[in-house]
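Chemist: Take a look at this one; I'll ask things after.
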Amino acid sequence: MKIIILPRKFLVCLLLVCILFSSLFFYFGMPFSFALELTTNSVVEESIKEKIATLTKAEEKIAYLTFDDGPTLKATGKILDILKEEEIKATFFVVGKHVKEQPELVKRAYEEGHYIANHGYHHDNTKLYQSSESFISEVKNTDIEIGKAIGIEDYCSHVFRFPNGYMSSNYKAKKKEAAKLLLAMNYTYVDWNCLNNDSIKKYSNSQLLNNLKKSSKNKGTLVILMHDTSDVNDTPSILKDSIDYLKEQGYEFRNFYDFRAGE
């Protein structure tokens, strides 16, 4: 048997080429998340919109933690600390005027892998539904502030949450018209099917946890509504216990980056 001895330089080059091709395969061979291209020119597939629209009807035990109305100095940083410790990625439905006030918190949330979604600029229904133009402006101006905060020009999250939820009876006719506008803007919207009522009235931490337990009972996929404001309750103080409970129930945590094109 003839033994071929290759020069060291050749072996090093061969190794480097293998590493390069492996990296390219890993990068280009992986399914792309639609969230990798969150701009006004990017298009969300109808299948993804449908998945988001029917998310709360799914049977898989998946939990989507969502936080509304921030960012705020009182709560957002504390929530991010807990999520980092627990290695959980959440979705933040941010208010445009608060993004302008606290851009560093939005940048931190984005850089730590959390999804930054749109909750309107003022969180004021009178302004939001004043006209079609005002609704579009509320959404677009929020995108602009998010883009400034995270350094992405023409940012568009493609996911909107109506203040007080689409399911609320308030402004129902206006919301139907707004939903059509969102569709034209290549947006979808999502409500929730689980909450701890942290923005309704003052509760003890044990009551907040019980509210979560009751609203999650006998459900598969959960879209969980919480708030990163601490205006009514101190949400960060009950977040760890809430996460522990959901883990005990067998839930896997995800955020909206996990919706992938073609899946």
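Chemist: Return yes when Tyr257 is hydroxyl-bearing (Ser, Thr, Tyr), within 18 Å of the chain's Cα centre (by Cα) and not in a loop (DSSP other than H, G, I, E, B) and no when it is not.
Modeler: Numbers: hydroxyl-bearing (Ser, Thr, Tyr): yes; within 18 Å of the chain's Cα centre (by Cα): yes; not in a loop (DSSP other than H, G, I, E, B): yes.
So Tyr257 passes the test.
Chemist: So in the stretch 235-251, with the set limited to residues that are surrounded by fewer than 19 Cβ atoms within 10 Å (Cβ to Cβ) and touching a helix residue (DSSP H, G or I) at 6+ places or on another chain (Cβ under 8 Å), which one is farthest from Gly70 (Cα to Cα)? Break it down into steps so the answer makes sense when it comes.
Modeler: Step one: of the stretch 235-251, the residues surrounded by fewer than 19 Cβ atoms within 10 Å (Cβ to Cβ) are 237, 240-241, 244-245, 247-250.
Narrowing further to those that are touching a helix residue (DSSP H, G or I) at 6+ places or on another chain (Cβ under 8 Å): 237, 240-241, 245, 249.
Working: Ser237: 16, Lys240: 19, Asp241: 21, Tyr245: 24, Gln249: 28 Å.
It comes out as Gln249.
Chemist: If you check Val106 against the conditions, is it closer than 24 Å to Glu45 by Cβ, among the aliphatic types (A, V, I, L, M) and modelled with pLDDT of 95 or more?
Modeler: Values: closer than 24 Å to Glu45 by Cβ: no; among the aliphatic types (A, V, I, L, M): yes; modelled with pLDDT of 95 or more: yes.
No; evaluated as a whole, the condition is false for this residue.
Chemist: Check Asn255 against each of (1) of a type outside the set (Ser, Thr, Tyr); (2) free of Cβ contacts under 8 Å to residues at least 40 places away in the same chain; (3) open to solvent by less than 20 Å² (accessible area, probe 1.4 Å) and name the one condition it does not meet.
Modeler: (2)
Chemist: Next question. Only one of Glu101, Glu111 is open to solvent by 30 Å² or more (accessible area, probe 1.4 Å) and within 15 Å of the chain's Cα centre (by Cα); which?
Modeler: On the way: Glu101 fails: within 15 Å of the chain's Cα centre (by Cα).
Just a single option satisfies the conditions, and that option is Glu111.
Chemist: Output the number of the condition that Asp191 fails; it satisfies all remaining conditions of (1) in a loop (DSSP other than H, G, I, E, B); (2) of a type outside the set (S, T, N, Q); (3) over 27 Å from Glu112 (Cα atoms).
Modeler: Here Asp191 meets the rest and fails (3).
Chemist: Any residue in the stretch 178-202 that is of a type in the set (D, E, K, R) sitting within a Cβ distance under 8 Å of a residue that is in a loop (DSSP other than H, G, I, E, B) and exposed (fewer than 14 other Cβ atoms within 10 Å of the Cβ)? List the pairs, counting only those 6 or more apart or interchain.
Modeler: Between residues of the stretch 178-202 that are of a type in the set (D, E, K, R) and residues that are in a loop (DSSP other than H, G, I, E, B) and exposed (fewer than 14 other Cβ atoms within 10 Å of the Cβ), the close pairs are Asp191/Met167.
Chemist: From the set of residues in the stretch 71-93 that are assigned to a loop (DSSP other than H, G, I, E, B) and within 12 Å of Glu112 (Cα to Cα), which is most open to solvent (accessible area, probe 1.4 Å)? Working first, answer last.
Modeler: Narrowing the stretch 71-93 to residues assigned to a loop (DSSP other than H, G, I, E, B): 71-75, 87-90.
Pick out the ones that are also within 12 Å of Glu112 (Cα to Cα) and you get 87-90.
On the way: Glu87: 160, Ile88: 6, Lys89: 95, Ala90: 0 Å².
My answer is Glu87.
Chemist: A further question follows. Name the residues in the stretch 119-170 that are among the charged types (D, E, K, R) and part of a helix (DSSP H, G or I), would you? Write out each step before concluding.
Modeler: Initial filter on the stretch 119-170 (among the charged types (D, E, K, R)): 124, 127, 133, 138, 140, 143, 145, 148, 153-154, 161.
Matches in the stretch 119-170: Lys127, Glu133, Glu138, Lys140, Asp143, Glu145, Lys148.
Chemist: Can you name the residue in the stretch 36-70 that is surrounded by 14 or more Cβ atoms within 10 Å (Cβ to Cβ) and among the acidic types (Asp, Glu) and, of all such residues, is modelled with the lowest pLDDT?
Modeler: Glu37
Chemist: How many residues does the stretch 168-212 hold that are basic (Lys, Arg) and surrounded by 15 or more Cβ atoms within 10 Å (Cβ to Cβ)?
Modeler: So in the stretch 168-212, the residues basic (Lys, Arg) come out as 172, 174-176, 180, 201-202.
Next, only the ones that are surrounded by 15 or more Cβ atoms within 10 Å (Cβ to Cβ) stay: 174-175.
Going through the stretch 168-212 one residue at a time, the tally reaches 2.
Chemist: Taking Ile224, is it open to solvent by less than 40 Å² (accessible area, probe 1.4 Å), touching a helix residue (DSSP H, G or I) at 6+ places or on another chain (Cβ under 8 Å), within 14 Å of Tyr64 (Cα to Cα) and part of a helix (DSSP H, G or I)?
Modeler: Values: open to solvent by less than 40 Å² (accessible area, probe 1.4 Å): yes; touching a helix residue (DSSP H, G or I) at 6+ places or on another chain (Cβ under 8 Å): yes; within 14 Å of Tyr64 (Cα to Cα): yes; part of a helix (DSSP H, G or I): no.
Judged against the criteria, Ile224 is not a match.
Chemist: Tell me, yes or no, whether the stretch 44-60 has at least one residue that is closer than 27 Å to Lys247 by Cβ and part of a strand (DSSP E or B).
Modeler: No, the conditions are met nowhere in the stretch 44-60.
For every residue, the table says whether it meets (1) among the aliphatic types (A, V, I, L, M); (2) within 30 Å of Val44 (Cβ to Cβ).
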| site | (1), (2) |
| --- | --- |
| Ser131 | no, yes |
| Lys172 | no, yes |
| Ile200 | yes, no |
| Asn205 | no, no |
| Thr221 | no, yes |
| Leu225 | yes, yes |
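Chemist: Given the criterion touching a Ser or Thr at 6+ places or on another chain (Cβ under 9 Å), at negative phi, at pLDDT 95 or above and open to solvent by less than 50 Å² (accessible area, probe 1.4 Å), identify the matching residue among Phe135, Phe162. Steps first, please.
Modeler: Values: Phe135 fails: touching a Ser or Thr at 6+ places or on another chain (Cβ under 9 Å).
Unique residue meeting the criteria: Phe162.
The values are calculated or read from the model by the stated rules, or taken from the named source; none is laboratory data. Remember, it's a predicted structure, so these values are computed and weren't measured experimentally. No Cβ is skipped: glycine too gets one built from the backbone with ideal geometry, and neighbour counts run over all protein chains shown. In case anyone asks, the SASA skips ligands and DNA or RNA and just uses the protein heavy atoms, side chains included. Shrake-Rupley method; radii C 1.70, N 1.55, O 1.52, S 1.80 Å.
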